[in-house]
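Structure, as structure tokens:
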Amino acid sequence: MTDWKTQTQLIHTGARRSQYGELSEAIYLTQGFVYESAEQAEARFIESGPDEFIYGRYGNPTVRMFEERIAAIEGTEDAFATASGMAAVNAALTSLLKSGDHVVAARALFGSCLYVLEILGRFGVEVTLVDGTDLDQWRAAMRPDTKAVFLESVSNPTLEVIDVKSVCEIAHSVGATVVVDNVFATPTFSKAVELGVDVIVYSATKHIDGGGRCLGGVVCGTRDYIRKVLEPYLKHTGAALSPFNAWVMLKGMETLDLRVKAQAANALTLAEALEGHEKLARVIYPGLKGHAQHGIAMAQMGAGGTVVTLEVKGGQAAAFRFLNALEIVKLSNNLGDAKSIITHPATTTHQRLPAEQKVTLGITPGLVRLSVGIEDAGDLLADLRQALDAV
């Protein structure tokens, strides 16, 4: 399997077939499992093998297939699936930390990620936020008691690209564990392990499903971290991924590479065509040569990703006119879908942030986040242009 290319791994890795030899992975829709003897039950509770299961909250054959497949393409030793992306973020951090520990995090994060850091602060974890693009700020924030570093490899929604390799080197110099939310980089463009990341987090709801059907999340890392640190936390706190959702994710992974590459190609076409448009104050896309971290994005991902951020001149009123005039592109706060979808972060995903924090992060009233789908690029461009005409 180690010699297989990504597209082959996405289709075949981790498959478990029953005695019936089914072609499509089976959905093991069960809460619990039957033991042949009391001795076998005792043995499993002491230590379960990879094909031995106890309870749906602890693991499931369909879920395990998904975990093994994502670990294979990420290049990590193991993975543990969760009920949602935010459950994965919360578990990855909370399982590592205790009162008195110090965390350094990039300030440009998804609103719910910032909220998780706020919750950690209530329980005695000290959090320092830095400008993720400024390596000097990362260096200055590190302390002997820094236990973890947390960042989005590409920030939501302003698409800042962090020099992950350099941040890992800085964090590891003080013994900190690097946790990266890699949603915008996608498993297709990810090189997180090669860059030195210790723990990789995905919202599988996004590109992995890719059809707007199910919630899911996953945490990837070393076997010791997954089974000795993360698994005990998740087994007892209950953020288990359902077998049906795991099956949907497995099916989504079969076309993940094809979809994401097509989405990124469309995103670049749209960004280049819209750059300099008279109704737009700016077009943000890491694939554009004018992007501040274009070189880092190309080195880390080899592409600009699937999301383009636009700032409409005229503030919120103009942005709303633009959004309401769209015909193909749908209004939704999700991303990573086969359908193109768009949202207004200041009033949706980042609504709860104080006004001054929105200003610091560049989340202006005219900013909209466009998750590009796999529709015809010409049709998408025509839709965006006619909507801009309505502003």
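The values are calculated or read from the model by the stated rules, or taken from the named source; none is laboratory data. Just so it is clear, the structure is predicted and the values come from calculations on it, not from any experiment. In this analysis, Cβ positions are derived from the backbone assuming ideal geometry, glycine residues included, and neighbour counts consider all displayed protein chains. Keep in mind that these areas ignore ligands, DNA and RNA; they rest on the heavy atoms of the full protein, side chains included. Shrake-Rupley method; radii C 1.70, N 1.55, O 1.52, S 1.80 Å.
For segment 283-313, the residues whose backbone nitrogen is under 18 Å from a point 7 Å from the Cα of ASP134, taken along Cα to Cβ, are 292-293. Panel values: segment 328-386, Kirkwood radius from alpha carbon pairs, Stokes-Einstein at 4 °C and 1.567 mPa s, translational diffusion coefficient 105 µm²/s.
What number, in percent, do you get for the relative contact order of segment 242-391 if the mean sequence gap of Cα pairs under 8 Å and at least 6 apart is divided by its residue count? It rounds to 26 percent for segment 242-391. Separation of segment 17-62 and segment 285-347, taken as the distance between their Cα centroids, equals 43 angstrom. For segment 310-391, the solvent-accessible area with a 1.4 angstrom probe is 42 square angstrom per residue. These residues, GLU160, GLU74, GLU39, go from largest to smallest accessible area, 1.4 Å probe, as GLU39, GLU160, GLU74.
Once the Cα-Cα distance is subtracted from the 0.36 nm per residue extended length, the LYS228 to TYR35 segment shows a gain of 67.0 nm. Structural descriptor for segment 152-297: relative contact order 21 percent, calculated from alpha carbon pairs under 8 angstrom and at least 6 residues apart. For CYS220, neighbours were defined as the other residues whose beta-carbon sits under 9 Å from its Cβ, and their charges (Lys and Arg +1, Asp and Glu -1) total -4. A Gaussian network model of the chain, with springs between Cα atoms under 10 Å, assigns the largest mean-square fluctuation among VAL312, VAL260, VAL193 to VAL193. Membrane-span-like helices of the chain, defined as complete DSSP H segments with a Cα extent of 24 Å or more along the helix axis and a mean Kyte hydropathy of at least -1.0, are identified as 256-274. Across segment 214-304, the relative contact order, built from alpha-carbon pairs under 8 Å that are at least six residues apart, equals 18 percent. Mean residue ellipticity, 222 nm, helices only, the chain: the sum of -39500 (n - 2.57) across DSSP H runs of n ≥ 4, divided by residue count and rounded to 500, is -11000 deg cm²/dmol. Accessible surface area normalised per residue over segment 10-126 is 47 Å², counting heavy atoms of protein chains with a 1.4 Å rolling probe. With a ≥ b ≥ c the root eigenvalues of the C-alpha gyration tensor of segment 269-391, is it rounded (a/c under 1.5), prolate (a/b larger than b/c) or oblate? Here segment 269-391 falls in the rounded category.
Just the protein heavy atoms count here, and of the accessible area of the chain at 1.4 Å, carbon and sulfur take up 53 percent.
Out of every Cα-Cα pair that segment 205-331 contains, those further apart than 24 angstrom amount to 50 percent.
Note on the chain: GNM, Cα springs under 10 Å; of TYR20, TYR35, TYR115, the largest mean-square fluctuation is that of TYR20. If you take the Cα centroid of segment 133-200 and the Cα centroid of segment 216-267, the two points sit 19 Å apart.
Extension gain for the segment GLU118 to THR237, taken as residue separation times 0.36 nm less the Cα-Cα distance, is 40.9 nm to one decimal.
For segment 163-244, a/c is not less than 1.5, where a ≥ b ≥ c are the root eigenvalues of the C-alpha gyration tensor, and a/b does not top b/c. That puts it in the oblate class.
For the pair GLN386 and GLN19, label points projected 7 Å from Cα toward Cβ lie 5.9 nm apart. The Kirkwood radius of the chain, taken over pairs of alpha-carbon atoms, gives through the Stokes-Einstein law at 37 °C and 0.692 mPa s a diffusion coefficient of 152 µm² s⁻¹.
Comparing GLN300, GLN137, GLN263 in a Gaussian network model of the chain (Cα springs below 10 Å), the most mobile by mean-square fluctuation is GLN137.
Under a Cβ-only charge scheme (Lys and Arg +1, Asp and Glu -1), can you give me the dipole magnitude of segment 71-228 about the Cα centre, in debye to the nearest 20?
With only Lys, Arg, Asp and Glu charged at Cβ, the dipole is about 380 debye.
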